[in-house]
Each structure stands twice: as C-alpha cells, then as structure tokens.
Amino acid sequence: MGGGRPGEPTGGRASHEGGDEAPEGDGESPPSGHAQDGGPEQDPAERARAICLRLLTGTPRTRQQLADALRKREIPDEAAEEVLSRFEEAGLIDDVAFADAWVESRHHSRGLARRALARELRTKGVEPQVVENAVGQLDAEREAETARALVERKLRSTRGLDREKRIRRLAGMLARRGYGEGLALHVVRRALEEEGEDPEALDRYLPED
C-alpha cells in the first residue's frame, strides 16, 4: 500500500505526508484578485480545474478538501461540482485509495490506532463507510503488536520515575494515539513485568483482567 516515506501518501492516486500533520490550507491566496487563476473573467470551471490541479500536484487530497478549497476561492457550486466529478471519474480524486494509504502510512509512521485514524479521515471529509473499510485493514492483533512496540521504545526514557507516574506516562502515550484504555493498561503491565517489576506491586495500579 502507500509507498514512499511513511506518514502520508506521497503521490499518485493515494499517498500522503509523514509525521505530524502540517497545517492544511488550500495553497491559494485570499479570494481578492484572481490573477493566479487566469483573472476574474476566466470561466469558473477552468479556474476550478486549475486550482484542483495545483492542489493535487504531489499531494493527494480528498474530494471534500478540494471542495472546501474551491468554496474558499469563491468558485460557484455548480462549476465546482462539475470539475470534482470529472476529476473523480478520471481517478485524480479517489477517496478510497486515499483512505487506505492514509491508514497504512500513519499507522506505520506514528503508530496510530484505528480510533485515531478514523478521526483523522473524518476531519478530511471521507465518507463513514470508506473510513470504516480503511481502518478495518488493521486487525486487533496488529494493533496490539504496534502498542507493544510503542511501549517498549518508551520504557527506557521513563526509568527513574516512580511506578505510578511511569504507568500514567506510558498509558497516556497510547491513549493519545487512539488505543483503548483496556489494551493500553494490559500492554503497559506486560512490559513492566517483563522488565522485572513485581506483579503484586503492579496490582495496585494495573489489576489483572
């Protein structure tokens, strides 16, 4: 699935960014003056087409992201819909491929769980069913494996902290990436036990299931 640098698909029909998301604009200047788009007299559909092509250069976007950009540039709804539908038919806009690549790359680069990935895709205007199918690529086993790897990487930096603070920091790191509380606490307990923590001492903070 999404090739290139993990984090977001990098080109083609579906690839995207790496690491934390940068603030997302439409890459355009404010609505006043349309010199970049060929002047205010240019046909709205042609302006919409030019805007979409610029925004899609090297960076896939969802249909909703492009629609928002066209609205910001005061493209009439009818012209925007015509151009977006044409781009979709040509495969230049593909929300399914975008969502699949987003899930793969963001899970790999950031260790995000299904819940966090679904939230990100919804903010980009991806349809609920497409979101559900995309995050369904990650089964519970793979999600748990990623959670364990995240905790293992973080363990060293928490050594020296008292037990309660250490548990909070590790579990909080997983929670911020969308992991459920039950899985987070289970993974943290197992990691601490493997490191040599007394299971009975952990019972006070992390009771067994």
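The values are calculated or read from the model by the stated rules, or taken from the named source; none is laboratory data. What you are looking at is a predicted structure, and each value in this text was computed from that prediction instead of being measured. Don't worry about glycine lacking a Cβ; one is built from the backbone with ideal geometry, like all the others, and counts go over all protein chains shown. Heads up: the accessible areas ignore ligands, DNA and RNA and are worked out on the full protein's heavy atoms, side chains in. Shrake-Rupley method; radii C 1.70, N 1.55, O 1.52, S 1.80 Å.
Values as computed for the structure displayed
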read-out: Qualifying residues in region 100-115 (those that are among the small types (Gly, Ala, Ser) and part of a helix (DSSP H, G or I)) - the one surrounded by the fewest Cβ atoms within 10 Å (Cβ to Cβ); value: 109
read-out: Residue under evaluation residue 93, criteria (1) surrounded by 23 or more Cβ atoms within 10 Å (Cβ to Cβ); (2) part of a loop (DSSP other than H, G, I, E, B); (3) in contact (Cβ under 8 Å) with a residue 60 or more places away in the chain, criterion not met; value: (3)
read-out: Listing of helices (runs of 4 or more DSSP H) fully contained in region 127-209 that carry 2 or more residues being under 21 Å from residue 112 (Cα atoms); value: 128-135, 140-158, 163-176, 181-195
read-out: Residue that is nearest to residue 154 (Cα to Cα), among those in region 181-205 that are touching a residue at least 12 places away in the same chain (Cβ under 8 Å) and over 30 Å from the mean Cα position of the chain (by Cα); value: 195
read-out: Selection from region 125-166 of residues that are under 14 Å from the mean Cα position of the chain (by Cα) and open to solvent by 70 Å² or more (accessible area, probe 1.4 Å); value: 132
read-out: So residue 122, is it in a helix (DSSP H, G or I), under 29 Å from residue 69 (Cβ atoms) and under 21 Å from the mean Cα position of the chain (by Cα); value: yes
